[in-house]
Structures are given as C-alpha cells and as structure tokens.
Amino acid sequence: MTYILWPTMPEMAEQKESLTELIAENSKSKNFEIIPVITENWNDDLSPWEFEDGRSSFEGNADAFLEKLLATVQSLHSKQDDRFFIAGYSLAGLFSLWAASQSGIFSGVASCSGSLWFPGFMEAELMPKCPKVYLSLGDKECRTKHPLMSQVEIITKEYSQKLNESGKYDSVLFEMNPGNHFAAALERTAKGMAFLIQQ
C-alpha cells in the first residue's frame, strides 16, 4: 500500500476527501491513502529549531512531532512493499523536508509552498534521505514586505539547484504556481502528492 503522511491542521484535515480526489485526478491512481497527522500547535510542532522575530515565535518542537509521525508509520507498516511519503504545505512543507532528512523511511517528500525562508534553513544543509523531492511556490509569494518571507523564491530555487547538483536523487522537481501563498493550497498540495506517488 502507498501511504502519504500529511502533517496538517484539523481544519485542513477535514478536506482529506477533496484532496484524495485531486490526487487521483492528477496521478491517474487510486491506490494510495492519505494519513493526516494533526497538530494543534502549528508554529511550535513544525519548526525544527527555535526562532522568534517579535511577530511570531516558534518553539522548535519538530523532534517530538516527528516521533508522533513515525509512530503512525509504524502502526501502518504491515507489508514489505508498503511505501511511505511525506508532504506538507507552508511550515509543514519545511517540516516535511526536515523529517525526510532525519529518517530514511520515506520514498519521497513534497514541500508545497514551503516556508524555506525560515532562518537557518540553508545553513542546516538538509538533504532528504529519499529518491524523490518535490518543491513548489506561488509566483507572487515573494511579493511581501516581510523581510524574511520575501526571500522564499530565491532560497527555494537555490535549494532545488543544490539537490539537483548533488546527484543523490532520482527526481527533483521545482514547480511555480500562479498566485500568492494562500492561493489554491489544496490544489498545490495535491500536485506535490501526485508527483510523489507516480512511478
């Protein structure tokens, strides 16, 4: 069985059925299951390290949330040919890349409109331990007055290039979508997930 681990918020998890339909449409496959892994503390659970900028704070509790996610994987793992992917949107996209760099259990990772602007991201030199990596952004996401978030396109392109040049991956795709960070989040997530599960 193919499982897609989806770190997300409760209100997004309610759209699981719609997301499943979009993935099936994009991938021409129905042989998968989305597994939402819910966080009630978005900034804290999904941040790999601490950060505070006067506007928002991030406690850096990703280690604990990863343990929860891996316990979910363990509970699902019943057959030798089971495959596990991880995909997230925004800060969950950053977390997904970090998680795939910590554990070799995943066959692919998708960071959809990922918060790769997060301070220390490039310095952390995250290299996912899986053969497929998908990255995406909206083409208006960098048009913000926030000094960190405005760098997201530059950083994501640089990171994509770094992964491609490493020669460690079967496939690395960086895709631009129309719109800002909040445009078509479910559709963008579906595109990333569909890319992962396609053979």
Self-check item: Nearest 10 degrees, 0 to 90: helix 91-102 Cα axis against the chain principal axis
Solution: 70 degrees
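The chain: Rg/Rh from Cα coordinates, Kirkwood Rh?
Numbers: Rg = 15.5 Å, Rh = 16.7 Å.
For the chain, the value is 0.93.
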Quiz item: Which value, to two decimals, describes the C-alpha radius of gyration of the range 85-199 once divided by 2.2 N^0.38 Å?
Solution: 0.96
Quiz item: Which value, in Å² and to the nearest 10, is the accessible area of residue 77 when all protein chains are kept and the probe is 1.4 Å?
Solution: 80 Å²
Quiz item: What Kirkwood hydrodynamic radius, in Å, does the range 89-153 give when the mean of 1/r is taken over all pairs of distinct Cα atoms and then inverted?
Solution: 12.1 Å
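Calculate, for the range 60-183, the solvent-accessible area per residue in square angstrom, rolling a 1.4 angstrom probe over the heavy atoms of the protein chains. Intermediate results must be reported in sequence, preceding the final value.
Numbers: 5630 Å² over 124 residues.
Using a 1.4 Å probe on heavy atoms only, each residue of the range 60-183 averages 45 Å².
Using the structure shown, select from 79/191; 28/145; 28/129; 68/145 the pairs with a Cα to Cα distance greater than 30 angstrom. Working shown, then result.
Values: 79/191 27 Å; 28/145 40 Å; 28/129 26 Å; 68/145 35 Å.
The answer is 28/145; 68/145.
Ranking request for peptides 162-174, 85-97: highest mean number of other beta-carbon atoms within 10 Å first, then the rest in descending order.
On the way: 162-174: 13.7, 85-97: 27.0.
Final packing ranking: 85-97, 162-174.
If you take the square roots of the eigenvalues of the alpha-carbon gyration tensor of the range 141-199 and sort them as a ≥ b ≥ c, do you get rounded (a/c under 1.5), prolate (a/b over b/c) or oblate? Write out the running numbers ahead of the final one.
Details: a/c = 3.67, a/b = 1.25, b/c = 2.92.
Oblate is the answer for the range 141-199, as a/c is 1.5 or above yet b/c matches or exceeds a/b.
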Self-check item: Fully extended contour minus Cα-Cα distance, from residue 157 to residue 186, at 0.36 nm per residue
Solution: 8.2 nm
Quiz prompt | Three-way shape call for the range 1-73 based on the alpha-carbon gyration tensor, with the a/c threshold at 1.5 | solution = prolate
Exercise. Bin all alpha-carbon pair distances of the range 37-133 at 10 Å intervals from 0 and give each bin's fraction as a whole percent.
Key: 16, 51, 26, 6, 1
Quiz prompt | Angle in degrees between helix 152-166 and the longest Cα principal axis of the chain, rounded to the nearest 10 | solution = 50 degrees
Exercise. Could you tell me what percent of the accessible area of the range 79-199 is made up of carbon and sulfur, with a 1.4 Å probe and every protein chain present?
Key: 51 percent
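The values are calculated or read from the model by the stated rules, or taken from the named source; none is laboratory data. For clarity, every value in this text was computed on a predicted model and none was experimentally measured. Here the Cβ is made from the backbone with ideal geometry for all residues, glycine too, and neighbour counts use every protein chain on show. Areas reflect the complete protein model, heavy atoms only, side chains present, ligands, DNA and RNA absent. Shrake-Rupley method; radii C 1.70, N 1.55, O 1.52, S 1.80 Å.
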